[in-house]
Structures are given as structure tokens and as C-alpha cells.
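Asks: I am attaching a structure below and will ask some questions about it afterwards.
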Amino acid sequence: MERVLDSLYPHSPLHETNCKGNTVLHIAASLGYLDVSELLITRAIDQEAEVKRLLLKAQNEEKNTALHLAVKHGHYDIVDLLIRKEPGLTSITNTAGESPLFLAVDRRFLKIALRILETPECSDGGRNNMNVLHAAVICEKINFVRDILIRFPNAILKADDFGRTPLHYAAYFASLEVVNLFLENNNISLAYKLDKQGMSALHISAKKGHYDVMSAILQKFPFTCELLDNKGRTALHHAVESGSTNAVKILLSSVAFQDLINEQENDEGNTAMHLAAIKRRYKVLILLAGDRRVAKSATNKEGKTTADIIQLDNKQPTWFEIMELWRINIKQEVERQITEEQFADQNEGHVKESQRIEAAAKVQGGTGAANNIVDLNKELKKYNFLVMTLITTVTFAAAFQVPGGYDDHGKLPH
């Protein structure tokens with residue numbers, strides 16, 4: 001390289017480009033050739049200032065500088081060299097809007113990112129109008145998110161081309177620590193911010209079934225559960241779609257959500273219970289059917305109830321599967337309430353020895369006499385048997401229906 005440069009002197013080929021707009025420094029930086037990069041920069045500095053500017057700040061057809069390419073390929077030594085020689089390179093973005101800092105975080109080269117953050121000025125821009133905080137959230141590195149937030153405090157409110165803020169991404173990736181960090185200072189405007197589909201962070205966490213994130217958001221801002229997306233769906237619709245019973249329970253237990261439990265979406269007019277049947281989320285369906293506040297006979301825009309949807313579903317579960325789900329659900333609820341009653345009695349000092357034996361047997365996973373102490377039939381009378389009526393009736397009907405069905409006069413066709 002030295003011999004070639006010497007032989008061409010005083011003509012400098014340093015700023016010449018190939019068909020992709022790359023200078024020789026672009027290529028050396030992308031390949032990680034530190035010695036060659038140092039030589040090229042030294043020769044440029046030895047020449048007039050214009051040549052140095054053309055070399056260090058030169059952009060190829062995609063508007064990438066040598067720094068962009070060094071970052072993309074994770075060459076820390078070359079990144080350090082280029083920044084020392086020209087700190088202003090950290091402020092340049094390429095055609096996609098990506099800054100060197102964004103690329104470093106996006107590709108999880110956090111050592112390089114920290115080096116770039118040492119410069120007095122650097123861009124936080126990224127593709128699709130994202131910023132570096134979006135990328136940091138996706139990396140799920142809480143300490144690094146804090147560093148970025150300190151350097152770019154306004155980045156938390158900026159939305160990308162899809163209308164999503166960093167909080168939306170934190171909710172999507174179930175980054176509970178990040179969600180709590182973002183909501184620390186009662187940042188109400190952030191919690192209510194909707195993306196272009198009308199989805200809040202609560203909607204997104206519900207759709208993914210991230211009930212811990214949902215709980216964190218509702219604890220700070222309970223009335224975010226009243227938000228509807230562009231399709232008129234509540235967070236409950238999305239929680240049902242996820243199939244997460246825990247996500248559904250959180251919303252059902254929210255005082256602020258009580259008036260929206262039977263809310264119907266815009267397009268089909270489906271309630272959350274309709275959606276549970278359509279998506280075959282049978283555990284969620286049983287949970288909803290056992291809630292007195294849920295309108296079981298509600299009809300959608302096609303005039304169908306939940307029972308109609310189940311009966312018309314060719315892929316509906318067998319009667320045995322439905323009964324098994326129902327049995328497990330009720331048994332768990334019975335055991336939970338019995339355990340609560342036992343603890344209450346213990347606190348009052350009125351626990352019988354037989355109850356202590358039973359509790360110990362359950363903890364140890366034991367079976368036998370201890371499990372027979374509880375009269376399940378008696379306890380089951382406390383619960384709503386609408387699940388039985390709603391689901392098992394239609395599955396029984398479907399199971400015993402003769403293929404082909406009946407004609408208009410109630411007779412079997414020939």
C-alpha cells in the first residue's frame with residue numbers, strides 16, 4: 001500500500017470510489033484492517049485538508065461513512081481510530097437514517113456504543129424513524145437503557161414510523177424493568193400514547209400475554225385499560241387472543257375496567273367471550289363463563305352467541321376435553337378457597353387436626369384419606385355452573401347429531 005501511494009504521488013487516489021461509492025478507507029474499515037486504515041488516514045492528513053475531509057467523511061451510495069462500516073462489522077479499534085481523527089463522524093446518518101450509535105446498539109456492540117457516547121455530539125437516529133432508545137430496549141440491557149436515557153432524555157417520547165415509542169417495544173419484549181423505569185416519574189402521556197393501530201403499551205402486553213407488564217402499567221395508570229384500538233378492541237380482547245388466563249384475570253380484577261368487560265369490537269361486534277370461542281381459547285372461555293359480569297348470551301353483528309360459535313366450529317374440542325378443562329379449573333378454585341379458609345382458621349387458633357393433616361398432604365403432593373376430607377360436591381355448589389350449561393350442552397348436541405342433520409320438518413333426510 002505504501003509503495004502504491006508513493007508511486008502515485010502527488011496524485012492522491014484516496015478519495016477515488018468504486019461502483020458502490022466506496023473509497024479504499026471504506027473497504028479497509030469494513031474488513032477490519034487497522035494498519036491499512038491508519039496508513040490511509042495518515043497520508044490524508046499529510047496532504048491538504050480537503051483530501052482529509054473527502055476521505056474521512058466520504059459517504060458511499062448508501063451514505064455510509066467508513067465509521068458506519070466499521071461499526072456494522074464490530075471493529076472497535078478502527079471505530080476508536082476514526083472517532084479520534086474525526087469526532088464529527090458520529091453525527092452523520094446514512095440513507096436509512098441510521099447513525100453509527102444506532103447501528104452499534106442495534107447490533108449489540110455495546111462496547112463500541114459506549115465509545116461513541118463519549119463524543120460531545122452524536123446522533124441517536126435510526127431506521128424507520130426509530131432512535132437509539134428503541135434499539136436499546138430491544139437489546140434488553142437495563143443499565144445501557146439508563147445510559148441512553150440520560151444522554152437522550154427526549155427519546156422516550158419519540159415514535160417510529162409505526163407510531164411505537166420505546167415503551168411499546170418494552171411491553172412487547174416483556175422488559176418489566178424497562179417499563180418500570182419509563183413510568184417512574186408518572187409519565188402519563190407515555191402510558192396513553194397509541195401507535196398507528198391504536199395500540200397502547202397495555203394492548204401490546206395483553207396481546208403477548210405479558211401479565212407482569214400489564215400489572216405494572218395498571219398499577220401506575222389504571223385507566224389505560226379504557227383505551228380502545230382502531231378496531232374498537234379493549235385490552236381484554238387482546239388478552240383473550242393471547243390465551244393467557246393470568247392476563248385476563250388482571251383485567252377482570254381491575255375496578256377501572258368493569259364497564260368494558262362486555263365491550264364489542266367494531267368490525268364483527270364480538271365481545272371478549274366471542275373471541276375466546278373463535279380463537280379456541282377454551283381455558284379463557286371457561287374463566288369468562290364463570291364470571292357473573294360477563295354477558296354469556298350477548299350476540300355479535302351476525303346474531304351469534306358464544307354457544308353458537310362453539311357449536312358451528314368444526315374443530316371444536318371433544319366433550320371429554322372440555323369437561324377436563326372445566327374440572328381442573330373448578331378444582332383449583334375449590335382448593336384455593338379451602339386453603340384460604342384454613343389459613344384464616346389457623347390465625348384464629350381454631351384449626352382442627354384433620355385440617356392440618358389435609359394441608360400437609362397437599363403440600364407434599366400426597367393422596368388418599370387427606371384428599372377425601374373435602375366434600376368437592378358440596379363445595380362445587382358455590383360456583384356458577386353456567387360453564388357446564390354453555391359448553392357441554394352444545395358439545396353434547398354436536399356429538400350426538402347425525403351427519404347431514406335434520407331437514408326443515410325435523411326429519412332425517414333419506
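Asks: SER215 fails exactly one of the following numbered conditions: (1) surrounded by fewer than 24 Cβ atoms within 10 Å (Cβ to Cβ); (2) at pLDDT below 95; (3) within 27 Å of ALA256 (Cβ to Cβ). What is the number of that condition?
Replies: It fails just one condition, (2).
Asks: I'm trying to understand the selection: among the residues of segment 189-225, which are out of contact with any helix residue (DSSP H, G or I) (no Cβ under 8 Å at 6 or more places or on another chain) and in a helix (DSSP H, G or I)?
Replies: Once the filter is applied, which keeps residues that are out of contact with any helix residue (DSSP H, G or I) (no Cβ under 8 Å at 6 or more places or on another chain) and in a helix (DSSP H, G or I), segment 189-225 yields only GLN219.
Asks: When ARG146 is evaluated against the numbered criteria (1) part of a helix (DSSP H, G or I); (2) more than 20 Å from the chain's Cα centre (by Cα); (3) among the charged types (D, E, K, R), which criterion, by number, is the only one it fails?
Replies: The single condition ARG146 does not satisfy is (2).
Residue-wise test of (1) in contact with a Lys or Arg (Cβ under 8 Å, 6 or more places away or on another chain); (2) modelled with pLDDT under 95.
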position	(1), (2)
ILE116	no, no
LEU157	yes, yes
SER175	no, yes
ILE188	no, yes
LEU202	no, no
HIS210	no, no
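Asks: Would you mind telling me which numbered condition in (1) surrounded by fewer than 24 Cβ atoms within 10 Å (Cβ to Cβ); (2) among the charged types (D, E, K, R); (3) within 24 Å of ASP80 (Cβ to Cβ); (4) at pLDDT 95 or above GLU121 fails?
Replies: (4)
Asks: A further question on this structure: Inside segment 217-265, can you point out the residues that are out of contact with any Leu (no Cβ under 6 Å at 6 or more places or on another chain) and among the aromatic types (Phe, Trp, Tyr)?
Replies: Residues satisfying the conditions are PHE221, PHE223.
Asks: Only residues that are small (Gly, Ala, Ser), over 20 Å from ASP212 (Cα atoms) and either at pLDDT below 95 or not in a helix (DSSP H, G or I) (or both): list them for segment 228-287, please.
Replies: If the condition is that a residue be small (Gly, Ala, Ser), over 20 Å from ASP212 (Cα atoms) and either at pLDDT below 95 or not in a helix (DSSP H, G or I) (or both), then GLY232, GLY269, ALA276, ALA277 are the ones that fit.
Asks: Still on this structure, I have one more. Of the numbered conditions (1) surrounded by fewer than 24 Cβ atoms within 10 Å (Cβ to Cβ); (2) under 29 Å from PRO13 (Cα atoms), LYS111 satisfies every one except a single condition; which is it?
Replies: So the condition that LYS111 fails would be (2).
Asks: Keeping to segment 179-237, report how many residues are in contact (Cβ under 8 Å) with a residue 40 or more places away in the chain and closer than 23 Å to ASN300 by Cα.
Replies: Number of matching residues: 1.
Asks: Let me ask something else. I'd like the full set of residues that are over 46 Å from the mean Cα position of the chain (by Cα), farther than 25 Å from TYR76 by Cα and among the hydrophobic types (A, V, I, L, M, F, W, C), limited to segment 1-47.
Replies: VAL4, LEU5, LEU8
Asks: Let me ask something else. Taking the conditions exactly as written (assigned by TED's automatic domain parsing to the domain that holds THR17, touching an Asp or Glu at 6+ places or on another chain (Cβ under 8 Å) and basic (Lys, Arg)), does ARG108 satisfy them or not?
Replies: Details: assigned by TED's automatic domain parsing to the domain that holds THR17: yes; touching an Asp or Glu at 6+ places or on another chain (Cβ under 8 Å): no; basic (Lys, Arg): yes.
Against the criterion (assigned by TED's automatic domain parsing to the domain that holds THR17, touching an Asp or Glu at 6+ places or on another chain (Cβ under 8 Å) and basic (Lys, Arg)), ARG108 does not qualify.
Asks: Regarding ARG164, is this residue surrounded by 20 or more Cβ atoms within 10 Å (Cβ to Cβ), in a loop (DSSP other than H, G, I, E, B), at pLDDT 95 or above and under 17 Å from the mean Cα position of the chain (by Cα)?
Replies: It is true that ARG164 is surrounded by 20 or more Cβ atoms within 10 Å (Cβ to Cβ), in a loop (DSSP other than H, G, I, E, B), at pLDDT 95 or above and under 17 Å from the mean Cα position of the chain (by Cα).
The values are calculated or read from the model by the stated rules, or taken from the named source; none is laboratory data. These figures come from a predicted structure and were not determined experimentally. Positions of Cβ are generated from backbone atoms using ideal geometry, with glycine treated the same way; all protein chains shown enter the neighbour counts.
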